[in-house]
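Asks: Can you keep this structure in mind? I'll have questions shortly.
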Amino acid sequence: MPLTPKERMKIQRHHMPERDPNQRNHDFDEVNLGYPQPLAAEEAARCLHCKDAKCRCGCPVGIDIPGFLGEVEAGNLSKAAEILLSANALPGITGRVCPQEEQCEMVCVRAKPKGKGAPVAVGHLERFVADWARENYDVQTLIPEPSGFKVGVIGSGPAGLTCAGELAKKGHKVTIFEALHKPGGVLVYGIPEFRLPNKIIDAEVDRLRQMGVEILCNVVIGRTFTIPQLMEEEGYDALFVAIGAGLPIFMRIPGENLKGVYSANEYLTRVNLMGAYRFPANDTPIVHGRRVAVIGGGNVAMDAVRTAKRLGAQEAMLIYRRSRAEMPARDEEIAHAEEEGIDFRLLCNPTRILGSDDGWVRGLECVRMELGEPDDSGRRRPVPIEGSEFVVDCDVVIEALGAGANPLLPNATPGLKLNKWGYIECDPDTLMTSIPGVFTGGDIMRGAATVILAMGDGKTAAQHMHDYLQTKVPAGASA
Amino acid sequence: MREALFVPPGRVRPRCARERRAWLGARDIPGLGGIRLGVIRPRSGAAKRAGTHRGFCVDAETAFVFTREGRQMYKILDTKQLASDVKWFRIEAPLVAKNRQPGQFVIIRLCETGERIPLTIAHSDAKEGYIELIVKAIGKTTIELCKKEKGDTLADVMGPLGKPTEIEKVGHAVLVGGGVGTAVIYPLARALKDAGNYVTSITGGRTKELVVLEQELREVSDQVFATTDDGSYGFHGTVADKLKELMDDKERPIGAVYCAGPVPMMRAIAELTRPAGIHTIVSLNPIMVDGTGMCGGCRVSVGGETKFACVDGPEFDGHLVDFTELWDRLGAYRDQEKLALERLQHQHECKCGSH
């Protein structure tokens, strides 16, 4: 017998089982353990199945959330997986890294009244279904009739993988070009293992390969091939450019070129992609600081500081110029970092990196800040307090200030229009760039954002690329 | 065995007992025309986690190597020992060869647990689809690379990377290569010669043994000078001493100097040409990770500005480069490099899949 809404309302939100903070901050195994099935079913039962389900509109890829929650509640997991996978090609990834508290879970009626209610744990349940599906659900990879079109996807991050999957489903011959040696983009080099294990990405990539998608690694578009070469010489009918925001931003303060100063990109790439935490079993080294200072307050800063802790830092500090309330990182990440013993130094702004005689970092000079009037972003602007300079002793400094547009591909592509920040301009509806047949999406179009928004772009672009191709004759056919 | 669907070319021989067993125990794969597949399972936990087990596809004539993910590996077509610790490689990499221009480099990785290191492309042939590298065995990765022979493979070859050299008509172009830096100036000599310049090449080393590529340079230069610090061969002195001699020759004024080698040598050359105002281009070799401008690890100060050598370089105006900082940053991992080398020397046991 189905539960009444009143009974549903009585069930409290289930906390995600996590590993002990003092155990997990020494290794790179995943922090969240995932719901066991009974807990998942009970959590799913909290959904009131609103007629006008706000959560669906809160989701950038439009998952039928009440639909799959109902199936989880009923224990019908293969049906739940089918609903989930029909809208979201990478649920194992988004279930882990999506900011649900700003999307589906924010608009959930169970979240009301604000501050008192607790939304249905959609993200945790998405992860539960995805993990179950990976082990038990055989995706019906229908190989459709080949369309004869050849499509290239540049970049194998979340936008590229999603777009490739959607295009392959429509029968196009898809090739993904990846610059690094391993597909996955930021999912592999950026997001650490303890948040998103690589085996989940490998599984998604394997699934794409089964669908006939070809993945060429070590191919840098702009160098190995240029976009005109791909279109004219290699016979691609359409391209999707999803190269991400791969340009580290530095603070431009004195001392940034000392040894022991990293961009978060370099630090995380060394650890996540190259496995520097296994040195010397892996060949890539990394500087193990005893006192590590990470500058920034976003998700990447949290990843970097938690990584530093796991690499054995006695003190892993986070230096942020505003207060905790203004941090752009997800609440879950901030809470995890606090539990793991990360030292938050808020309202501090670095002014100078101090070096020793032999060129190593020995400290970070900061100035204290106070919050003034709100600025353009709506957050209160931090203002330095004069004469409040002090020095934080540290031997490694990691700058996690966000990422800009990497100019490598745009510079090698004549006729590609960019905006004033160097991101690629496109038609907001079709995502087509100034070059006909070349589409874009993800961070290189919108600036550094989230995995799910990139995936949303991949999906939208795939639809419009398909529409665009319908007006064309395959390039290979005329040859 | 899904891997069998991604069979790239590349011929290998079994190199140890475990590989030979896998070779012999290979089984037929239906539908692949008699190609057989054998898989070597990793022995250690670390190798398992890193996914370093390799597979073989074998038929009577040819054998193929591929990684666990079924990616193509890059085959070594030929090798030649140039000096006791300097080796020349010809590697199959058609996509890299296609667009490559002088001055560009590749990033290679030997195996699944390997590091990414940049190496200058000494020569390439787009039609034949190969590139040539010259490697000096200094660190763990380069020592392991120099043990490789014809028929072996590399896990990754990515490129071509970096800005190509601006090849201009400068009149008299002098190229200065120190040690294995000669591999960097060799392709430039060829390109500058083709552009109609009078090309003088200077290649130097501490002793005779360390002077490399002299013969090859002769084919693409108008004149070549070999120098040794100890006088055991050619000109007795450093490359800077020889360059000074050329600068004093008023009959053939120097249009530009192109220089590659150890940092102290490049600094000496830049200091030498600075008073004379001779345009000096140096090719830098900082520590790199990705090679696409994504990590910023290779940053160098040029004229007070921070540049990324992988995308803004690797060539810069030698009079503007902060060599002290470059030299210092190159030593960031000295302790780890020493440890890796020591471990390599103590490793006698074969660990399958990672050589």
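The values are calculated or read from the model by the stated rules, or taken from the named source; none is laboratory data. No experiment lies behind these values; they were computed from the predicted model shown. So basically every Cβ, Gly included, is an ideal-geometry build from the backbone, and we count neighbours across all protein chains shown. To get the accessible areas, we keep the full protein, side chains included, count just its heavy atoms, and leave off ligands, DNA and RNA. Shrake-Rupley method; radii C 1.70, N 1.55, O 1.52, S 1.80 Å.
Asks: Which one, A:G92, A:L125, A:C50, projects farthest toward the positive side of the charge dipole computed for region A:5-137 from Cβ point charges (K/R +1, D/E -1)?
Replies: Positive-most Cα among the choices belongs to A:C50.
Asks: Please list the non-local residues whose amide H lies under 5 Å from the amide H of B:H319, H modeled 1.01 Å from N, same-chain partners needing a gap of 5 or more.
Replies: So B:H319 has HN proximity to B:T280.
Asks: Can you list the residues of region A:19-63 with backbone N under 20 Å from a point 7 Å past the Cα of A:V109, pointing along Cα to Cβ?
Replies: A:42-59, A:63
Asks: While we're looking at this one, here's another question. In debye to the nearest 20, how big a dipole does region A:5-137 give about its Cα centre with +1 on each Lys and Arg Cβ and -1 on each Asp and Glu Cβ?
Replies: Details: 18 positive and 19 negative charges, 148 e Å.
The calculated dipole for region A:5-137 is roughly 700 debye.
Asks: Right, here's the next one. Just in region A:144-192: which chymotrypsin sites (Phe, Trp or Tyr not before Pro) are loop by DSSP and have at most 12 other Cβ atoms within 10 Å? Each step should come with its number before you reach the end.
Replies: On the way: sites: A:F149, A:F177, A:Y189; in loops: A:F149.
Answer by residue number: there is no such site.
Asks: Quick one: which residues, 5 or more positions from B:Y130 or on another chain, have an amide H under 5 Å from its amide H? H modelled 1.01 Å from N in the peptide plane, none for Pro or chain starts.
Replies: Amide H neighbours of B:Y130, under 5 Å, 5+ apart: B:A93, B:D125.
Asks: What is the distance, in nm, between label points placed 7 Å from the Cα along the Cα-to-Cβ direction at B:H236 and at A:L371?
Replies: Placing both labels 7 Å along Cα→Cβ, they lie 7.6 nm apart.
Asks: Using helices alone, what [θ] at 222 nm do you get for the protein assembly as shown, with -39,500 (n - 2.57) per DSSP H run of 4 or more residues, divided over all residues and rounded to the nearest 500?
Replies: Numbers: 31 runs with 255 residues, N = 834.
Per the formula, -8500 deg cm²/dmol.
Asks: Please give the solvent-accessible surface of A:M9 in Å², to the nearest 10, using a probe radius of 1.4 Å with every protein chain present.
Replies: 100 Å²
Asks: Excluding B:V199 itself, what net charge comes from residues whose Cβ is under 10 Å from its Cβ, given Lys and Arg +1 and Asp and Glu -1? The partial results should precede the final answer.
Replies: Numbers: positive: B:R190, B:K193; negative: B:D194, B:D222.
With Lys, Arg at +1 and Asp, Glu at -1, the net is 0.
Asks: On to the next question. At the nearest 100 Å², what buried accessible area, both sides summed, do you get for A and B when the probe is 1.4 Å? Present the calculation step by step, with values, prior to reporting the outcome.
Replies: Details: alone 21400 and 17270 Å², together 34400 Å².
Separately minus together, A and B give about 4300 Å² buried.
Asks: Counting only the backbone N, which residues of region A:31-59 are under 18 Å from the spot 7 Å out from the Cα of A:E7 toward its beta-carbon?
Replies: A:38-50
Asks: Considering only Cα-Cα distances, which of the following residue pairs are longer than 22 Å: B:K80/B:K140; B:K87/B:K307; A:K79/A:K199; A:K182/B:K75; B:K140/B:K242; A:K169/A:K472? It would help to have the intermediate numbers written out before the result.
Replies: Working: B:K80/B:K140 20 Å; B:K87/B:K307 31 Å; A:K79/A:K199 24 Å; A:K182/B:K75 19 Å; B:K140/B:K242 33 Å; A:K169/A:K472 19 Å.
Too far apart for the 22 Å limit: B:K87/B:K307; A:K79/A:K199; B:K140/B:K242.
Asks: Additional query: Give the calculated FRET efficiency between A:H288 and A:Q470 to the nearest 0.05, with a Förster radius of 51 Å applied to their Cβ-Cβ distance.
Replies: Numbers: r = 55 Å, r/R0 = 1.08.
Computed FRET efficiency for A:H288 and A:Q470 comes out at 0.40.
Asks: Applying 1/(1 + (r/R0)^6) with R0 = 45 Å to the Cβ-Cβ distance of B:A276 and A:E389, what FRET efficiency is obtained, to the nearest 0.05?
Replies: Between B:A276 and A:E389 the formula returns 0.50.
Asks: By how many nm would the segment from B:K150 to B:E219 lengthen if fully extended, with 0.36 nm per residue of separation less the alpha-carbon distance? Let's see the in-between values first.
Replies: Details: separation 69, 0.36 × 69 = 24.84 nm, distance 2.52 nm.
That works out to 22.3 nm of additional length.
Asks: To continue, here is another question. Based only on the alpha carbon positions, what is the Kirkwood hydrodynamic radius of region A:5-137, in angstrom?
Replies: Values: mean 1/r = 0.0666 Å⁻¹.
Computed over Cα pairs of region A:5-137, the Kirkwood hydrodynamic radius comes out at 15.0 Å.
Asks: Let me ask something else about it. Tell me the label-point distance for the pair A:S434, B:D229, using the 7 Å Cα-to-Cβ offset, in nm and rounded to one decimal.
Replies: 5.3 nm
Asks: Let me cross-check A:E256: its accessible surface, 1.4 Å probe, with only protein heavy atoms counted, in Å² to the nearest 10?
Replies: 20 Å²
Asks: Leaving ligands, DNA and RNA out of it, rank A:S86, B:S301 by accessible area with a 1.4 Å probe, largest first. Numbers along the way, then the final one.
Replies: Values: A:S86 85, B:S301 20 Å².
Heavy-atom accessible area, descending, gives A:S86, B:S301.
Asks: If you put +1 on each Lys and Arg Cβ and -1 on each Asp and Glu Cβ, how big is the dipole of region B:172-330 around its Cα centre, in Debye rounded to 20? The partial results should precede the final answer.
Replies: Numbers: 14 positive and 22 negative charges, 8 e Å.
Around 40 debye, computed over region B:172-330.
Asks: For B:E128 paired with B:E342, estimate the spin-label separation in nm (one decimal), with each label point 7 Å from Cα along the Cα-to-Cβ line.
Replies: 4.3 nm
Asks: How much length would be gained if the chain were fully extended between B:T306 and B:L330, taking 0.36 nm per residue of separation minus their Cα-Cα distance, in nm to one decimal? Kindly include the intermediate steps, with their values, before the conclusion.
Replies: On the way: separation 24, 0.36 × 24 = 8.64 nm, distance 1.58 nm.
Stretched out fully, the B:T306 to B:L330 stretch lengthens by 7.1 nm.
Asks: In whole Å and largest first, what semi-axes does the C-alpha gyration tensor of region A:250-401 yield when each eigenvalue is scaled by 5 and square-rooted? Could you put the intermediate results ahead of the total?
Replies: Numbers: eigenvalues 132, 71, 31 Å².
That gives 26, 19, 12 Å for the three semi-axes.
Asks: Same structure again: With θ taken as phi - 60° and the coefficients 6.51, -1.76 and 1.60, list the Karplus ³J(HN,Hα) couplings across region B:198-206 in order, rounded to whole Hz; mark glycine and proline as x.
Replies: Couplings: 8, 10, 10, 10, 10, 10, x, x, 5 Hz.
Asks: Once R0 is set to 30 Å, what does the formula 1/(1 + (r/R0)^6) return for the Cβ-Cβ distance between A:Q463 and A:E145, expressed as a FRET efficiency to the nearest 0.05?
Replies: On the way: r = 18 Å, r/R0 = 0.61.
Computed FRET efficiency for A:Q463 and A:E145 comes out at 0.95.
Asks: Residue by residue, what Karplus-based ³J(HN,Hα) values in Hz, rounded to whole numbers, does region B:316-331 have, using 6.51, -1.76 and 1.60 with θ = phi - 60° and x for Gly and Pro?
Replies: Per residue, the Karplus-derived 3J(HN,Hα) values read 9, 5, x, 7, 10, 6, 7, 5, 4, 5, 4, 4, 5, 5, 4, x Hz.
Asks: I need the trypsin sites (Lys or Arg not before Pro) found in region A:62-133, filtered to DSSP loop residues with at most 10 other beta carbons within 10 Å of theirs.
Replies: Numbers: sites: A:K79, A:R96, A:R110, A:K114, A:K116, A:R127; in loops: A:K114, A:K116.
Listed in order of number, the matching sites are A:K114, A:K116.
Asks: Could you work out the relative contact order of region A:391-479? I mean the mean sequence separation of Cα pairs under 8 Å and 6+ apart, divided by the number of residues, in percent.
Replies: Details: 81 pairs, mean separation 17.9, N = 89.
Dividing the mean separation by the residue count of region A:391-479 yields 20 percent.
Asks: Also: What is the average number of partner chain Cβ atoms found within 10 Å of a Cβ in A:238-247? Walk me through the numbers on the way to the answer.
Replies: Values: counts 0, 0, 0, 0, 0, 2, 1, 1, 5, 7.
Rounded to a whole number, the mean comes out at 2.
Asks: Let me ask something else. Each residue of region A:325-342 in order: what ³J(HN,Hα) in whole Hz does its phi give by Karplus 6.51 cos²θ - 1.76 cosθ + 1.60, θ = phi - 60°, with x for Gly and Pro?
Replies: 4, 8, 4, x, 5, 5, 4, 4, 5, 5, 4, 4, 5, 4, 4, 7, x, 7
Asks: Please give me, ordered by residue number, the trypsin sites (Lys or Arg not before Pro) of region A:169-260 that lie in loop per DSSP and have at most 10 other Cβ atoms within 10 Å. Provide the component values of the computation, followed by the final result.
Replies: Working: sites: A:K169, A:K170, A:K173, A:R195, A:K199, A:R207, A:R209, A:R223, A:R252, A:K259; in loops: A:K170, A:R195, A:R223, A:R252.
Taking region A:169-260 and a limit of 10 other Cβ atoms within 10 Å, the loop trypsin sites (Lys or Arg not before Pro) found are A:R252.
Asks: Averaged per residue, what accessible area in Å² does chain A show with a 1.4 Å probe, protein chains only? Don't skip to the answer; put the middle values down first.
Replies: Values: 19290 Å² over 479 residues.
Ligands and nucleic acids excluded, the result is 40 Å² per residue.
Asks: Here is a further query. For region A:85-181, with only Lys/Arg (+1) and Asp/Glu (-1) charged at the beta-carbon, what is the dipole magnitude about the Cα centre, in debye rounded to 20?
Replies: 280 debye
Asks: OK, next. Quick check: at a probe of 1.4 Å, how many percent of the accessible area of the protein assembly as shown sits on carbon and sulfur atoms? Write out the running numbers ahead of the final one.
Replies: Values: 17450 of 34400 Å².
Looking at the protein assembly as shown in its full context, I get 51 percent from C and S.
Asks: How large is the translational diffusion coefficient of chain A in µm² per second when you combine the Kirkwood radius over alpha carbon pairs with Stokes-Einstein at 37 °C and 0.692 mPa s? Please list the in-between numbers first.
Replies: Working: Rh = 23.8 Å.
Answer, rounded: 138 µm²/s.
Asks: Could you pull out every residue, at least 5 positions away or on a different chain, whose amide H is within less than 5 Å of the one on A:L401? Hs are placed 1.01 Å off N in the peptide plane, and Pro or chain starts have none.
Replies: Residues meeting the amide H criterion: A:I249, A:A264.
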